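First, the structure itself, so that you have it in front of you.
The values are calculated or read from the model by the stated rules, or taken from the named source; none is laboratory data. Owing to the predicted nature of the structure, the values given are computational and were not obtained by experimental measurement. So basically every Cβ, Gly included, is an ideal-geometry build from the backbone, and we count neighbours across all protein chains shown. All accessible areas refer to the heavy atoms of the entire protein, side chains included, with ligands and DNA or RNA removed. Shrake-Rupley method; radii C 1.70, N 1.55, O 1.52, S 1.80 Å.
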Amino acid sequence: MENTTVSENMEVRDVEIKSDGLKLAAELYIPAPVSKPCPALCICHGIPAVPYNPDNKGYAALAERFCAAGFVTLIFNFRGTGKSEGNFDILDWSHDLQAALDFLYSLKEVDKRHFCLLGFSGGAAVGVYITARDPRISALATCACPAEFGFLASKEISLSTIQRFRQIGIIRDENFPSSVEEWLKGFELVSPICWIDKISPRPLLLVHGDADEVVPLEHAHELHRRAKEPKELAIIPGAKHKLRLEEAAMATVLDWLKAKCSPES
């Protein structure tokens, strides 16, 4: 059931998206009043590093900002995170993003010519993977995107990572994953370095902080080298991994999206 809140300049709807039979929690932000279809933006969060905190409204604030700039904006929780059902699996996250995009694309308020994607960290990785496959996406912006997931190279590390994900609460079922090997293969398949060159001829923006303590800056350079034109790399001085908290990073993304995906572009 949808809950709708209307303010002076936007309408906010709580929505539910189905992916592989799982219920995903989502929020849709629509500029108000809408006189004609607006450019659309789907925002993908990263892999949580701490347990879910319902009082953390960081992505909601981000969605409000982009909506106020004229974008129909969708934020959602990938499976295993927030109020969504399921367990964290990076390859299955691609199914979730596809379902979210299908929902967003179906809306009458959306200008199908300007259908944009913004991803953070692990969500950015999934965004690259899906954009390479989905021609509806007209522009992609990534923040702190890993080139690959080499940190899961050994089984010992991957098992400790799975245990940490259980403690955080994004792997919830005791018997998940049924195969650690298959679970790990998902990270190999989704690795952005394998797909970044498939984004062209659509515009690509890579944003990274030069003080990122999780994904080294070299990952951004590797992705930029592999990507084809049109591409841009924005390195934010002093910025760490959580770029959504960095004003310079978010202003860069918003200015770029408005230039590439506004109705006049």
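Return a yes/no flag: does the range 77-84 have any residue that is under 30 Å from Val180 (Cβ atoms) and surrounded by fewer than 18 Cβ atoms within 10 Å (Cβ to Cβ).
Checking the range 77-84: at least one residue is under 30 Å from Val180 (Cβ atoms) and surrounded by fewer than 18 Cβ atoms within 10 Å (Cβ to Cβ).
Next question. Which one of Ile43, Ile75 is under 21 Å from Ala144 (Cα atoms), out of contact with any Leu (no Cβ under 7 Å at 6 or more places or on another chain) and not basic (Lys, Arg)?
Going through Ile43, Ile75 in turn, the sole match is Ile75.
Let me ask something else. State all residues of the range 113-126 that are in contact with a helix residue (DSSP H, G or I) (Cβ under 7 Å, 6 or more places away or on another chain) and not hydrophobic (A, V, I, L, M, F, W, C); if no residue qualifies, say none.
Matches in the range 113-126: His114, Gly119, Gly122.
Under the condition of being more than 21 Å from Arg133 (Cα to Cα) and among the small types (Gly, Ala, Ser), which residue from the range 157-196 is least open to solvent (accessible area, probe 1.4 Å)?
Within the range 157-196, the match that is least open to solvent (accessible area, probe 1.4 Å) is Ser158.
In the range 76-97, how many are touching an Asp or Glu at 6+ places or on another chain (Cβ under 7 Å) and without any contact (Cβ under 8 Å) to a residue 60 or more places away in the chain?
The qualifying residues number 1.
Related question: Can you spot a residue in the range 230-252 that is at pLDDT below 95, under 12 Å from Ala141 (Cβ atoms) and crowded, with 20+ Cβ neighbours inside 10 Å?
No; the residues of the range 230-252 include none that is at pLDDT below 95, under 12 Å from Ala141 (Cβ atoms) and crowded, with 20+ Cβ neighbours inside 10 Å.
Then there is this: For Arg226, only one of the following conditions fails: (1) at pLDDT below 95; (2) surrounded by fewer than 19 Cβ atoms within 10 Å (Cβ to Cβ). What is its number?
All conditions pass for Arg226, except number (1).
For Ser160, work out the one condition from (1) touching a helix residue (DSSP H, G or I) at 6+ places or on another chain (Cβ under 9 Å); (2) under 25 Å from Glu218 (Cβ atoms) it doesn't fulfil.
(1)
Among the residues of the range 85-112, which ones are surrounded by 24 or more Cβ atoms within 10 Å (Cβ to Cβ) and touching a Lys or Arg at 6+ places or on another chain (Cβ under 6 Å)?
Gly86, Asp96, listed by residue number.
Among the residues of the range 18-48, which ones are closer than 24 Å to Lys260 by Cα and open to solvent by less than 10 Å² (accessible area, probe 1.4 Å)?
Leu28, Tyr29, Ile30, Pro39, Ala40, Leu41, Cys42, Ile43, Cys44 - these are the residues of the range 18-48 that are closer than 24 Å to Lys260 by Cα and open to solvent by less than 10 Å² (accessible area, probe 1.4 Å).
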